[in-house]
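Notes follow the structure.
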Amino acid sequence: MRASMTASLTLLLASMAAVLPAAAATYRVDDSATLPVESTALLRWRQAAPSRTRDDTLEGATAVAVRLNLAPWVEQTARLYLVLPAQGTAAVRVSWLTQGRLLPGEISPGERVLIYQGPIASPFLEETLTLRIEADGSRLPGTERLQFHFEIDTD
Amino acid sequence: MIVRAVTGRARAAALAVSLVAIGAYTSTAGAFTVNITAANPRVIYLQVGVGSFNGIYNSGGTPANNPTVNVVSVTVPAAQVGSGTAQTMTTNSTASISYYDNYVFCSAPAQLYVGGFYRSTSNTGAASLRATSPANLVNTAGDRIPFTQISWTSSGNGDSGAQPFPAGTFAGGTQTIGTIARNQWAESCHTFRYANSGFVASGTYRGRVVYTLSTP
């Protein structure tokens with residue numbers, strides 16, 4: 001009986017493998033070597049004085065030295081995403097420019113934005129993101145932490 | 001960590017494959033944190049009479065310091081001294097436009113511009129504008145006129161509602177002139193008058209009022 005069940009299981013997995021796409025999935029990328037250039041980004045009022053349009057935006061910029069460990073996906077085609085989970089109380093919008101290895105874009109808490117699509121050629125990807133941060137100045141009484149991470153979708 | 005897979009029985013298999021892969025790398029996966037904080041969480045600007053602004057605020061202007069102390073005065077004709085007929089005062093201020101939007105808001109020199117703004121990231125209340133006046137105006141001989149003899153009306157070109165800094169009378173002490181709500185600009189134009197209800201000796205009577213804008 002035992003031999004019979006084992007044989008059946010093996011057979012099932014073999015048949016599944018035949019119909020599956022090549023392990024399409026999403027993984028969190030090891031970005032532990034990624035570091036912001038400054039510990040805290042100082043935001044300033046976009047308009048020194050209040051306006052009739054009630055522009056209470058605070059804005060500032062900082063840079064992040066990105067180093068991603070993509071070793072598990074070398075020689076695969078994949079899509080990389082920057083993720084900013086929902087967090088904090090202030091309305092925040094972050095846009096960024098790159099040096100060309102990753103795509104520029106913008107993101108708000110709760111969003112996931114494509115920053116690369118194509119073959120993974122090397123085990124490490126290094127890039128500098130220049131972040132421009134806008135926050136609602138009427139709702140930012142203290143320091144707020146924006147926690148980003150990267151995800152990869154493989155085909 | 002997110003696992004996406006196809007449907008049905010195939011999903012279970014894809015899940016198994018993905019979990020194996022994730023198990024190998026989650027131990028090193030991190031996240032980077034960017035802390036954000038306001039560099040200047042509270043900003044106030046107060047202008048009484050002549051002030052300075054680098055440009056107009058809605059064109060990116062910023063407040064500047066101006067040490068000018070304006071004078072509000074009236075010369076009462078001898079025949080009118082103590083008559084009880086109020087004497088309208090005038091100023092030496094040239095501040096007619098509002099740095100809010102470059103609008104001609106006050107009629108200088110008849111009116112004195114009083115305005116400012118309060119910026120804050122914390123919802124802890126409004127900024128308060130107070131005026132501190134001495135008990136009396138005094139001439140060189142030591143004669144006195146109570147500061148309570150001076151009052152003001154409040155208006156602004158094109159304004160139709162209540163003024164943020166309404167009409168009042170100096171108290172000969174510290175008094176609240178008005179408030180500025182958080183992240184708002186407030187302004188009024190004050191026209192002063194001397195009540196002229198007491199017979200006083202001739203001379204030039206002086207007294208200084210200091211306006212102070214305080215944040216909570």
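The values are calculated or read from the model by the stated rules, or taken from the named source; none is laboratory data. Model, not experiment: these values are computed from the prediction. Positions of Cβ are generated from backbone atoms using ideal geometry, with glycine treated the same way; all protein chains shown enter the neighbour counts.
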Among residues of segment B:117-135, those that are more than 14 Å from chain A (Cβ to nearest Cβ), in contact with a strand residue (DSSP E or B) (Cβ under 7 Å, 6 or more places away or on another chain) and surrounded by 17 or more Cβ atoms within 10 Å (Cβ to Cβ), counted: 2
Which numbered condition B:SER107 misses (of (1) under 30 Å from B:GLY203 (Cα atoms); (2) among the hydroxyl-bearing types (Ser, Thr, Tyr); (3) surrounded by 15 or more Cβ atoms within 10 Å (Cβ to Cβ)): (3)
When residues of segment B:192-216 are limited to those that are among the aliphatic types (A, V, I, L, M) and assigned to a strand (DSSP E or B), the one surrounded by the fewest Cβ atoms within 10 Å (Cβ to Cβ): B:VAL210
Long-range neighbours under 7 Å by Cβ, at least six apart or interchain, first residue buried (at least 17 other Cβ atoms within 10 Å of the Cβ) and modelled with pLDDT under 95 within segment A:50-65, second in a loop (DSSP other than H, G, I, E, B) and not charged (D, E, K, R): A:PRO50/B:ASN183; A:ASP56/B:ASN183; A:LEU58/A:LEU140
Residue count for segment A:108-135, restricted to those that are more than 9 Å from chain B (Cβ to nearest Cβ), within 30 Å of B:THR124 (Cα to Cα) and either of a type in the set (Ser, Thr, Tyr) or touching a Ser or Thr at 6+ places or on another chain (Cβ under 8 Å) (or both): 3
First in segment B:77-98 and closer than 30 Å to B:ILE56 by Cα, second anywhere and among the basic types (Lys, Arg), Cβ under 9 Å, 6 or more apart: B:MET89/B:ARG193
Segments classed as strands (runs of 3 or more DSSP E), wholly inside segment B:54-143, with at least 1 members that are assigned by TED's automatic domain parsing to the domain that holds B:GLY203 and within 15 Å of the chain's Cα centre (by Cα): B:62-64, B:112-120, B:127-132
Residue identified as without any contact (Cβ under 8 Å) to a residue 40 or more places away in the chain, touching a Ser or Thr at 6+ places or on another chain (Cβ under 6 Å) and either within 14 Å of another protein chain (Cβ to nearest Cβ) or farther than 20 Å from B:ALA110 by Cα (or both) among B:GLY172, B:GLY161: B:GLY172
Qualifying residue in segment A:136-149 (condition: in a strand (DSSP E or B), more than 9 Å from chain B (Cβ to nearest Cβ), surrounded by fewer than 15 Cβ atoms within 10 Å (Cβ to Cβ) and not polar (S, T, N, Q)): no
Selection count, segment B:148-190, where residues are part of a strand (DSSP E or B) and either under 15 Å from B:GLY115 (Cβ atoms) or modelled with pLDDT under 95 (or both): 14
